[in-house]
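*Asks:* Below are the structure tokens for one structure; questions will follow.
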Amino acid sequence: MSDIIRLADLKKAYDTDAGPVPVLKGLGLSIAPGEFVTIMGPSGSGKSTLMNILGCLDTPTAGEYWLDGQNVASLNEDQLAEVRSRVLGFVFQGFNLLPRIDLKANVALPLVYQSVAKAKRLERAVAVLERVGLARQVDSLPPKISGGQQQRVAIARALVTQPRVILADEPTGNLDTTTGQEIMTLFQDINKESGVTMIVVTHDAKVAHYARRLVYLRDGIITYDGPTAEFQESQA
Amino acid sequence: MTLWLSMLGEALQAMSANKLRTFLTALGIIIGVGAVVLMVALGQGTQSAVTKSISALGSNLLIIRSGSPQQGGFRSGAGGLPTLTTGDALALQELTSLKAVSPVIQQGAQLVYGPNNWGTQVVGSTDAYLDIRDWTLQSGRSFTDTEMNSGMRVAILGQTVAEQLFGNADPIDQSVRIHKSPYQVIGVLAPKGQSMDGRDQDDTVIIPLVTAQRQLVGTRFKGTVSIIMAKANSAQQLASGEAQITDLLHQRHRIAEGVDNDFSVTNMASIASTMAQVTGMLSILLGSIAGISLFVGGIGIMNIMMVSVTERTREIGIRMAIGASRKTVLLQFLLEAVIITTTGGLIGILIGIGLALGVQRFGGISVAITPQPILLAFGVSTLVGLFFGLYPARKASRLKPIEALRYQ
């Protein structure tokens with residue numbers, strides 16, 4: 001099994017007062033290590049739910065989810081936290097930095113949960129901040145820097161643990177076009193340099209073109225999975 | 001270990017991010033612990049002051065008073081009739097549980113030395129009296145057997161009497177007049193200070209019993225004494241001593257069944273223990289009032305921690321997304337609560353001790369600062385942090401990451 005991610009008949013339904021509402025209706029998906037994939041779909045298609053499950057923030061109702069050789073669908077909360085810490089890195093639309101601590105402390109935060117000593121944490125955090133082009137701002141507080149810079153910090157935070165997979169949820173959603181392009185270029189570069197598997201959820205077709213592969217979701221079913229270049233909206 | 005240190009760092013950092021709120025939260029604990037330390041110091045100080053003044057009367061002391069005999073429906077009060085005799089005292093000396101027995105006559109009299117005179121209570125007794133009352137001699141000596149048996153006119157002065165008559169001069173071997181007769185001063189008692197009821201215990205003169213019987217009380221009730229004082233061998237033998245005395249005097253006074261005793265035995269230890277109980281209650285009362293304020297401080301902690309968890313829901317979500325387990329979130333919030341309470345506790349202890357010393361110095365009230373209540377207050381404040389911090393910390397750790405991340 002060489003796939004880093006493999007979904008088999010993955011289902012997710014939410015319990016409501018009116019009974020269970022199915023959101024994901026049996027997904028099958030394989031992603032090889034080092035791939036750069038975007039997941040697209042209209043709102044309500046279930047892409048956020050899929051993102052949460054891929055990110056081990058939520059568990060599927062049925063089916064299998066193999067991540068790095070482990071079926072995480074059967075893990076409990078604490079084991080999921082361990083997987084999030086060791087295997088995954090997150091980049092959010094709203095950056096989600098802690099506003100009261102400086103950039104290097106923000107980037108070093110995931111290492112706290114890996115029991116890395118403080119000096120080592122900060123050393124690694126500063127190194128990653130340099131990689132994303134923020135060497136001079138390591139002591140700034142998040143609210144003092146621009147949105148694009150904040151997203152770079154968030155990417156640095158995702159990278160600092162050297163994860164197998166980075167998940168980005170609408171990473172350009174809060175940014176202007178130019179800055180969004182810069183962020184996507186950064187993702188591309190990191191993907192090429194380190195071979196980390198990159199999964200970006202977006203509704204923006206322009207963003208999708210940075211990835212070679214595209215997965216299109218509609219009404220809880222994958223309707224397209226192939227090269228981004230060959231995808232046309234009408235096909236889906 | 002690194003995880004604990006890191007969580008400690010995270011907790012400290014979260015606390016320093018909101019210094020005023022952290023301080024106000026800790027204030028509840030500071031006041032609570034401070035109050036406990038101060039109140040217990042006050043209570044224990046009072047307790048030891050009372051115990052000291054009771055034991056100044058003499059330790060393991062039993063006092064036998066002539067009682068209230070019934071004569072045709074007329075009952076005089078205690079000491080109303082002189083029913084106790086020197087013979088009773090001699091007989092009591094044979095009792096196994098008693099270490100010393102001393103018959104006592106008390107009579108007010110005027111003392112004169114040169115141009116000075118002073119009215120005081122003259123005690124006629126034996127040399128055993130000094131031992132029973134725990135009197136020590138500052139200078140001079142006690143009575144000899146000859147002086148006691150033949151009723152010689154010698155006197156031992158209390159500190160107050162010596163000062164009033166002699167000032168700074170040495171009274172030993174001087175002659176004072178008591179009730180018109182001259183007495184040679186053979187000793188001066190060491191000062192004892194005020195008794196529990198505020199009387200000056202040093203305002204006294206002791207002369208041999210026989211001398212007192214002959215010179216002071218006259219021959220109206222020959223051979224009788226006002227009270228008999230006895231010292232038990234130990235605190236454990238006080239009760240048996242009391243029983244033996246009652247039995248013996250019951251026989252000697254030929255008191256029929258169903259008739260009131262014409263004497264009474266007072267166990268000073270039981271009075272002391274009653275007083276100790278009262279002051280102990282005072283300590284508990286003060287301590288529990290302070291304890292309530294500590295409890296209220298704990299609720300304050302819980303309140304703030306709950307608000308903090310709600311306010312930081314999103315932060316908790318972020319932490320969980322980047323790898324924090326429920327255990328580490330719990331640890332962080334619990335450590336926050338415990339750090340606040342232990343720091344507050346330490347500050348409270350210092351303030352409590354400071355106030356107690358201030359009260360002692362400027363209020364003139366004796367305080368006792370002992371390590372136990374301080375350690376207890378500190379331990380309780382830590383437990384308060386754990387107890388009241390646990391629920392909010394659990395609430396934080398049970399948050400679902402996606403819901404916490406969505407929280408605005």
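*Asks:* Report the one residue of B:206, B:117, B:224 whose Cα lies farthest in the direction of the positive end of the charge dipole of segment B:98-232 (charges on C-beta: Lys and Arg +1, Asp and Glu -1; origin at the Cα centre).
*Replies:* Result: B:224, furthest along the dipole toward the positive end.
*Asks:* Looking only at B:208, B:191, B:103, which one moves most when chain B is put into a Gaussian network model with springs between Cα atoms under 10 Å?
*Replies:* Maximum among the listed residues: B:191.
*Asks:* I would also like to ask the following. Could you give the size of the charge dipole of the protein assembly as shown about its Cα centre, using +1 on the Cβ of each K and R and -1 on the Cβ of each D and E, expressed in debye and rounded to the nearest 20?
*Replies:* My answer is approximately 520 debye.
*Asks:* Additional query: Semi-axes of the protein assembly as shown's equivalent ellipsoid from the Cα gyration tensor, sqrt of 5 times each eigenvalue, largest first, rounded to whole Å?
*Replies:* 96, 26, 17
*Asks:* Based solely on its DSSP helices, what 222 nm [θ] is calculated for chain B when runs of n ≥ 4 H residues each add -39,500 (n - 2.57) and the sum is averaged over all residues, nearest 500 deg cm²/dmol?
*Replies:* Computed mean residue ellipticity for chain B: -18000 deg cm²/dmol.
*Asks:* Partner chain Cβ atoms within 10 Å, averaged over the residues of A:88-96 - can you pull that number for me?
*Replies:* 3
*Asks:* Express in nm, to one decimal, how much length is gained between residue B:203 and residue B:260 on full extension, taking 0.36 nm for each residue of separation and deducting their alpha carbon distance.
*Replies:* Length gained between residue B:203 and residue B:260: 17.0 nm.
*Asks:* Given +1 on the Cβ of Lys and Arg, -1 on the Cβ of Asp and Glu, and no further charges, what dipole in debye does chain B carry about its Cα centre, rounded to the nearest 20? Walk me through the numbers before you get to the answer.
*Replies:* On the way: 30 positive and 24 negative charges, 347 e Å.
The calculated dipole for chain B is roughly 1660 debye.
*Asks:* Next up: How much FRET efficiency would the formula 1/(1 + (r/R0)^6) give for residue A:136 and residue B:20, where r is the Cβ-Cβ distance and R0 is 25 Å, rounded to 0.05?
*Replies:* Working: r = 32 Å, r/R0 = 1.30.
Given R0 = 25 Å and the Cβ-Cβ separation, E is 0.15.
*Asks:* Residues of segment B:1-31 with backbone nitrogen within less than 15 Å of a virtual label 7 Å along the Cα-to-Cβ line of residue A:114, please, listed as ranges.
*Replies:* Output list for this probe position: B:3.
*Asks:* Can I ask one more? Using a 10 Å cut-off on Cβ atoms, rank the peptides B:21-30, A:221-230, A:178-187 from the highest mean neighbour count down. List each step's numbers first, then the result.
*Replies:* On the way: B:21-30: 20.7, A:221-230: 14.3, A:178-187: 18.1.
Sorting B:21-30, A:221-230, A:178-187 by mean packing, highest first, produces B:21-30, A:178-187, A:221-230.
*Asks:* Run a plain Debye calculation on segment B:93-150 (Cα atoms as equal point scatterers, no solvent) and give log10 I(q)/I(0) at q = 0.12, 0.16, 0.24 Å⁻¹, rounded to two decimals, same order as the q list.
*Replies:* So the normalised log intensities are -0.40, -0.69, -1.18.
*Asks:* In nm, to one decimal, how far is the modelled label at residue B:303 from the one at residue A:188, with both set 7 Å along Cα→Cβ?
*Replies:* Computed distance between label sites residue B:303 and residue A:188 equals 5.8 nm.
*Asks:* Per residue of chain A, what 222 nm ellipticity follows from adding -39500 (n - 2.57) for every DSSP H run with n ≥ 4, rounded to the nearest 500? Before the final figure, lay out each step's value.
*Replies:* On the way: 7 runs with 77 residues, N = 236.
So the helix-based figure for chain A works out to -10000 deg cm²/dmol.
*Asks:* Mind listing which trypsin sites (Lys or Arg not before Pro) in segment A:25-103 are in a DSSP loop and have 16 or fewer other Cβ atoms within 10 Å? Mind showing how you got there, number by number?
*Replies:* On the way: sites: A:25, A:47, A:84, A:86, A:100; in loops: A:100.
When the trypsin sites (Lys or Arg not before Pro) of segment A:25-103 are filtered for loop state and at most 16 Cβ neighbours within 10 Å, A:100 remain.
*Asks:* Residue B:243 to residue B:138: FRET efficiency via 1/(1 + (r/R0)^6), r the Cβ-Cβ distance, R0 41 Å, to the nearest 0.05?
*Replies:* 0.65
*Asks:* Follow-up. Taking the highest mean first, how do the peptides B:336-346, B:159-169, A:132-142 order by number of other beta carbon atoms within 10 angstrom per residue? Don't skip to the end; give the middle numbers.
*Replies:* Details: B:336-346: 24.3, B:159-169: 18.0, A:132-142: 15.8.
Final packing ranking: B:336-346, B:159-169, A:132-142.
*Asks:* Out of all DSSP beta bridges in the protein assembly as shown, what portion is antiparallel? Express it as a percent rounded to 5.
*Replies:* About 70 percent, rounded to the nearest 5.
*Asks:* Here is a follow-up. Based on DSSP, what percent of beta bridges with both residues in chain A are antiparallel, to the nearest 5?
*Replies:* On the way: 23 of 40 bridges.
If I count the DSSP bridges inside chain A, around 60 percent turn out antiparallel.
*Asks:* Can you check how the C-alpha radius of gyration of chain B compares to 2.2 N^0.38 Å, as a plain ratio?
*Replies:* Its radius of gyration relative to the 2.2 N^0.38 Å reference: 1.56.
*Asks:* Compare the Cα positions of A:72, A:135, B:278 along the charge dipole of the protein assembly as shown (+1 at Cβ of Lys, Arg; -1 at Cβ of Asp, Glu; about the Cα centre) and return the one farthest towards the positive end.
*Replies:* Going by the Cα projections, it comes out as A:135.
*Asks:* When the dipole is taken about the Cα centre of segment B:269-408, and only Lys, Arg (+1) and Asp, Glu (-1) are charged at their Cβ, what size is it in debye, to the nearest 20? Before the final figure, lay out each step's value.
*Replies:* Working: 11 positive and 4 negative charges, 123 e Å.
Using only the charged Cβ atoms, the result is roughly 580 debye.
*Asks:* Right, another one. Can you run phi through the Karplus equation (6.51, -1.76, 1.60; θ = phi - 60°) for segment A:194-210 and list ³J(HN,Hα) in whole Hz, with x for Gly and Pro?
*Replies:* 9, x, 6, 5, 10, 10, 10, 9, 7, 10, 9, 4, 5, 5, 4, 5, 6
*Asks:* At 7 Å along Cα-to-Cβ for each site, give me the label-to-label distance between residue B:400 and residue B:96 in nm.
*Replies:* Simple spin-label model gives 8.2 nm for this pair.
*Asks:* Rounded to the nearest angstrom and ordered from largest down, what semi-axes does the equivalent ellipsoid of segment B:98-232 get from its C-alpha gyration tensor (root of 5λ)?
*Replies:* On the way: eigenvalues 87, 65, 41 Å².
Whole-Å semi-axes of the equivalent ellipsoid: 21, 18, 14.
*Asks:* While we're here: Exposure proxy check: B:226, B:381 ranked by fewest other beta carbons within 10 Å? Provide the component values of the computation, followed by the final result.
*Replies:* Values: B:226 18, B:381 30.
So the ranking, lowest neighbour count to highest, is B:226, B:381.
Any read-out appearing in this document is the output of simple, stated calculations on the displayed coordinates, not a laboratory observation. Because the structure is predicted, anything quoted here is derived from the model rather than measured. When we count neighbours, we look across all protein chains shown, and the Cβ atoms used for this are built from the backbone with ideal geometry, even at glycine.
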